[in-house]
1. Just name the residue that is farthest from His127 (Cα to Cα) out of those in region 139-167 that are modelled with pLDDT under 95, of a type in the set (A, V, I, L, M, F, W, C) and in a loop (DSSP other than H, G, I, E, B).
2. Which residues, taken from region 59-113, are more than 16 Å from Gln29 (Cβ to Cβ), basic (Lys, Arg) and in contact with a helix residue (DSSP H, G or I) (Cβ under 8 Å, 6 or more places away or on another chain)?
3. Go through region 81-131 and count every residue that is touching a Leu at 6+ places or on another chain (Cβ under 9 Å), assigned to a loop (DSSP other than H, G, I, E, B) and of a type in the set (A, V, I, L, M, F, W, C).
4. Here is a check on your reading of the model: is Glu78 surrounded by 18 or more Cβ atoms within 10 Å (Cβ to Cβ), modelled with pLDDT of 90 or more, closer than 17 Å to Asp99 by Cβ and of a type in the set (Asp, Glu)?
5. Scan region 41-51 for residues that are out of contact with any Asp or Glu (no Cβ under 7 Å at 6 or more places or on another chain) and over 14 Å from Asp97 (Cα atoms) and report the count.
6. Looking at region 83-103, is at least one residue in contact (Cβ under 8 Å) with a residue 60 or more places away in the chain and loosely packed, with under 15 Cβ neighbours inside 10 Å?
7. Can you find, within region 44-72, the residue that is nearest to the chain's Cα centre (by Cα) among those that are basic (Lys, Arg) and not in a strand (DSSP E or B)?
Amino acid sequence: MTSPDVYVSLGSNIAPERSLAEAVRLLRQKCDVLALSSVYRTAPQGYADQPDFLNMAVKLHTALPPEIFKREVLDWIERRLGRVRDPLNKNAPRTIDLDISLWGSAVFTYGDKPWRVPDPDIVRFAHVAVPLAELSPDFLHPTEGLTLAALVARFKSEIFERFVLTI
């Protein structure tokens with residue numbers, strides 16, 4: 001059985017060019033990276049008094065189950081890049097944020113938080129949906145029943161710039 005396509009969303013607003021490039025480099029050490037979206041400059045959400053974010057998405061394969069992938073790959077990368085979580089502000093500036101957005105067509109929760117897949121932010125925020133749709137516009141969202149491209153059309157009033165970053 002082949003592993004499903006896994007989509008990870010990345011964001012950074014502390015040394016974002018370096019942080020995104022390093023996060024992708026580390027992802028390539030731990031799994032099979034299939035494709036990278038463009039990088040987009042976006043305004044911060046929830047807490048506006050901070051620099052803009054650079055956001056992107058990665059399509060990959062991993063043999064690890066989601067909870068182990070989150071802990072041993074994504075959390076490991078966040079620690080390596082100095083991610084600090086502010087308990088008083090979940091929208092605080094960060095060197096890197098990595099989230100599982102999609103795990104094939106699976107729908108599940110995992111971990112202590114618990115995290116949800118598909119990530120609810122796909123339908124809430126353009127900075128999550130647009131990079132994912134760039135990678136796989138015809139991918140059918142497992143709970144919305146719409147393609148990623150159709151979900152992005154809901155955000156047509158939100159425009160943000162592509163940021164040229166070579167990774």
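The values are calculated or read from the model by the stated rules, or taken from the named source; none is laboratory data. Every value quoted in this text rests on a predicted model; they were computed, and no experiment measured them. Here the Cβ positions follow ideal geometry from the backbone for every residue, glycine too, while neighbour counts run over all protein chains shown.
1. Filtering region 139-167 for residues that are modelled with pLDDT under 95, of a type in the set (A, V, I, L, M, F, W, C) and in a loop (DSSP other than H, G, I, E, B), the one farthest from His127 (Cα to Cα) comes out as Ile167.
2. Once the filter is applied, which keeps residues that are more than 16 Å from Gln29 (Cβ to Cβ), basic (Lys, Arg) and in contact with a helix residue (DSSP H, G or I) (Cβ under 8 Å, 6 or more places away or on another chain), region 59-113 yields only Lys59.
3. 2
4. Working: surrounded by 18 or more Cβ atoms within 10 Å (Cβ to Cβ): yes; modelled with pLDDT of 90 or more: yes; closer than 17 Å to Asp99 by Cβ: yes; of a type in the set (Asp, Glu): yes.
When the stated conditions are applied, Glu78 passes them.
5. Residues meeting the conditions: 6.
6. no
7. Step one: list which residues in region 44-72 are basic (Lys, Arg), which gives 59, 70-71.
From what's left, not in a strand (DSSP E or B): 70-71.
Details: Lys70: 12, Arg71: 15 Å.
Taking the candidates together, the pick is Lys70.
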